[in-house]
Every structure is written in structure tokens, then in C-alpha cells.
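Data block below; observations after.
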Amino acid sequence: MPVLTLNGRACRIANIFCIGRNFVAHAAELGNPVEPEPLVFLKPTSALLLEGSPVVLPDYSRDVHHECELVVLIGRGGDHIAEADALQHVAGYGIGLDLTARDAQNDAKQKGHPWTKAKGFRGAACLSALVPAERVPDPQALTFSLKVNGETRQEGDTSLMLFGVARLIAELSARYGLTEGDLIYTGTPAGVSAIGAGDVLELELDGLVSARWEVAA
């Protein structure tokens, strides 16, 4: 399993939970309805890609999209965590990419199949270095952005999330249980679009942390 470092301490990654349609404008741009509860899907840990390694696009897709997101690292697991206590279970925050093979996803949707081929390929879960949770007093008061080749493609404001971090932790812990080392990709704002060979992707989380990836030729 992959290992991250936070405050000089190694943290082994357990599960990667991802939240879909958590920003109204992004749901609208893809013609999707807003869900009454968090839409959850999973990525395998083999999809995790840390800064310094190139993004390798899957050979079965011609339409891989970037989706820039706030990422939460769980430091203390639990079941049925109360929303009021949820942020005490967070170890750190980062900025990441939920890369999506949109053509494969659309095909899966039409057939009623799972999205794993579209969402779980190697490198589909890019993640920056992590910021300790104590440096983020309110995760719903953050801005983040993505530039592709120097052009701003996505700008996010966590105050606009339909389901905030505390609510997500409470819901995930009630349904699945949370474990130390779990990651939560919290959803992307509008502005998703395709990436291609040679593109340079630069992410920033509210002046706290930044990251850069290049798409392999």
C-alpha cells in the first residue's frame, strides 16, 4: 500500500473515497442531477500518484478530464462519527486530481456498469503534499485552483460544497466505517476538461500547498 508523510510521520493509505456531484455548477455542466445525499465511489490505492511522477493516460481513453479537489486524510477512524466531532478525526488536507476517462465513464453509464475503468486507472488519484489539520481551522473556508499550461481551468470555493467535510465524514463513517489512512476526495467545481500529452497541471490550495504534474507523452 502507498505511504504518505505528514509531520514527519509515515501514514499508510487505506481506502480512497471519492464524492461525485458535490458542486452544483459541476453537476450542471455534465447534465447530471444534484443528489440528495453524497454520491460515493472508490478508487484503488494503486491509482494514487504523488507529485514527481508523470501522469500516464490510459491507452483505452481519448478523453481524460481533470477534476481538481480538496482531499482529506483521516487520522483517526471510527463508525457513526457525529458531524459535530468529525473534524477531530482529520489528520491533514491536500489538493488533488480525480482524473476521469470521460468516454469510458459515459459508456459505463449507458450500460449500467460501474465506473472503475473510468476512475480507477493507475495515476487517476493525484495528490499533493499534505497540510496538518491544525493549519486549517475551517475546511469550508478554502479556495483552490488548477492551471493547465498556465491557464486557469478550475477555481473552487469549499463554502459552495453541497456536503461539507464534516458531513462527508459522518456519512462515510455511518455507511462504511472510516479507518486511519483513508483519503476523501471531496468533489470538483465546474471547469473540467480534457488533458493531453505534454500538458502541465499546477494546483494550489489557498496558499497552503501547491503541486505540479506533467502528462507523459
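The numbers here are math on the coordinates, done by the rules we state, and not lab data. In this text, all values refer to a predicted model and were calculated from it rather than measured experimentally. Glycine gets a Cβ as well: all are built from the backbone with ideal geometry, and neighbour counts include every protein chain shown.
Would you mind computing, in nm to one decimal, how far apart the modelled labels at Arg175 and Ser193 are, each placed 7 Å from Cα along Cα→Cβ?
According to this spin-label approximation, the distance is 3.2 nm.
Take the alpha-carbon centre of the stretch 21-58, take the same for the stretch 175-189, and report the distance between them in whole Å.
12
Suppose a student asked you for the relative contact order of the chain, using Cα pairs under 8 Å spaced at least 6 residues apart; what percent would you report?
32
Modelling each spin label as a point 7 Å along the Cα-to-Cβ direction, I'd like the Asn7/Ser46 distance in nm, to one decimal.
Simple spin-label model gives 3.3 nm for this pair.
Would you calculate the separation in nanometres between label points at Arg122 and Thr152, each defined as 7 Å from the Cα along the Cα-to-beta-carbon direction?
Distance between the two pseudo-spin positions: 3.6 nm.
Any chance you could run the full-extension gain for Ala14 through Glu202? It's 0.36 nm times the residue separation minus the Cα-Cα distance, nm to one decimal.
Separation in residues times 0.36 nm, less the Cα-Cα distance, equals 65.1 nm.
Go through the stretch 54-156 and name the chymotrypsin sites (Phe, Trp or Tyr not before Pro) that are in a DSSP coil and have 13 or fewer other Cβ atoms within 10 Å of their Cβ.
Tyr60
Rank the residues Lys147, Lys119, Lys111, Lys43 as a footprinting-exposure proxy: fewest other Cβ atoms within 10 Å of their Cβ go first.
If I rank by nearby Cβ atoms, fewest first, I get Lys111, Lys147, Lys43, Lys119.
So which aspartates and glutamates pass the test for Lys119, namely a Cα distance under 13 Å, with those fewer than 8 places away in the same chain ruled out?
In chain and number order, the partners are Asp63, Glu67, Asp98, Asp103, Asp107.
Which value in deg cm²/dmol, rounded to the nearest 500, describes the helix-derived mean residue ellipticity at 222 nm for the chain, given -39,500 (n - 2.57) per DSSP H run of n ≥ 4 and division by the residue count?
So the helix-based figure for the chain works out to -4000 deg cm²/dmol.
Say we join alpha carbon atoms closer than 10 Å with springs in a Gaussian network model of the chain; which of Gly187, Gly207, Gly92 then has the biggest fluctuation?
Taking springs between Cα atoms under 10 Å, the residue moving most is Gly207.
Would you mind counting up the charge near Gly75? Only other residues with Cβ under 15 Å from its Cβ, with Lys and Arg at +1 and Asp and Glu at -1.
Local charge sum for Gly75: 0.
So what is the relative contact order for the stretch 100-217, in percent, with contacts set as C-alpha pairs under 8 Å and at least six apart?
This gives 25 percent for the stretch 100-217.
Sorting His80, His26, His113, His66 on the 10 Å Cβ count, fewest up front, what's the list?
By the 10 Å Cβ count, ascending, the order reads His80, His113, His26, His66.
Only counting other Cβ atoms within 10 Å, I'd like Ile13, Ile81, Ile95 sorted with the fewest neighbours first.
Least to most surrounded, the residues fall as Ile13, Ile81, Ile95.
With Cβ to Cβ distances under 13 Å as the rule, what net charge do the other residues near Pro114 carry (K, R +1; D, E -1)?
Its environment carries a net charge of +4.
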